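To start, the structure under review is shown below, and the notes come after it.
The values are calculated or read from the model by the stated rules, or taken from the named source; none is laboratory data. This is a predicted model, so every value here is computed, not measured. In this analysis, Cβ positions are derived from the backbone assuming ideal geometry, glycine residues included, and neighbour counts consider all displayed protein chains. Just so you know, the surface numbers come from the protein's heavy atoms only, side chains and all, with ligands and any DNA or RNA stripped out. Shrake-Rupley method; radii C 1.70, N 1.55, O 1.52, S 1.80 Å.
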Amino acid sequence: MMIICIFSVKTDRQEGFHIDLDDYLMGLLQLASELSRLAVNSVTAGDYGRPMRIAKFVGELDSGFRLLNLKNDSLRKRFDGLKYDLKKVEEVVYDLTIRGLKPTE
């Protein structure tokens, strides 16, 4: 039986795959940051529908994180950055809307 422990991830065939909750939540917050960058790059590439889907997902992610009672640590600081990621995506959607480029659903 060999247990590998890297960044709070444990793998063992009998126990299954386990990841620390804080690491998982941090990964979701980093995903939102990358998605906000993707929204801007998608518009540059001419894909006007993707920022709409990204905005919906990041908005739902923000709503979910608001339900959590986060302590004042790195996870809380990263959650505070989620507000700016959401704002960035919403600005992209707003720009598409006022320019008449927002695709019809």
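Hey, among the residues in segment 33-77 that are aliphatic (A, V, I, L, M) and out of contact with any helix residue (DSSP H, G or I) (no Cβ under 9 Å at 6 or more places or on another chain), which one's farthest from Asp22 (Cα to Cα)? Break it down into steps so the answer makes sense when it comes.
Of all residues in segment 33-77, those aliphatic (A, V, I, L, M) come to 35, 38-40, 43, 45, 52, 54-55, 58, 61, 67-68, 70, 75.
Right, trim to out of contact with any helix residue (DSSP H, G or I) (no Cβ under 9 Å at 6 or more places or on another chain) and you get 45, 67.
Numbers: Ala45: 34, Leu67: 15 Å.
So the residue we want is Ala45.
Hey, any hits in segment 7-22 for a residue that's modelled with pLDDT under 95, part of a helix (DSSP H, G or I) and either open to solvent by less than 40 Å² (accessible area, probe 1.4 Å) or of a type outside the set (Ser, Thr, Tyr) (or both)?
Pass one, segment 7-22, residues modelled with pLDDT under 95: 7-22.
Applying the additional criterion that residues be part of a helix (DSSP H, G or I) yields 21-22.
Still in the list and also either open to solvent by less than 40 Å² (accessible area, probe 1.4 Å) or of a type outside the set (Ser, Thr, Tyr) (or both): 21-22.
Yes, because at least one residue in segment 7-22 is modelled with pLDDT under 95, part of a helix (DSSP H, G or I) and either open to solvent by less than 40 Å² (accessible area, probe 1.4 Å) or of a type outside the set (Ser, Thr, Tyr) (or both).
Please identify the pairs in which a residue from segment 34-59 that is open to solvent by 30 Å² or more (accessible area, probe 1.4 Å) has its Cβ atom under 7 Å from the Cβ atom of a residue that is assigned to a helix (DSSP H, G or I) and β-branched (Val, Ile, Thr), counting only partners at least 6 apart or on another chain.
That search, which allows pairs on different chains as well, returns Leu35/Ile54; Leu35/Val58; Leu38/Ile54; Val40/Val92; Val43/Val92; Met52/Val93.
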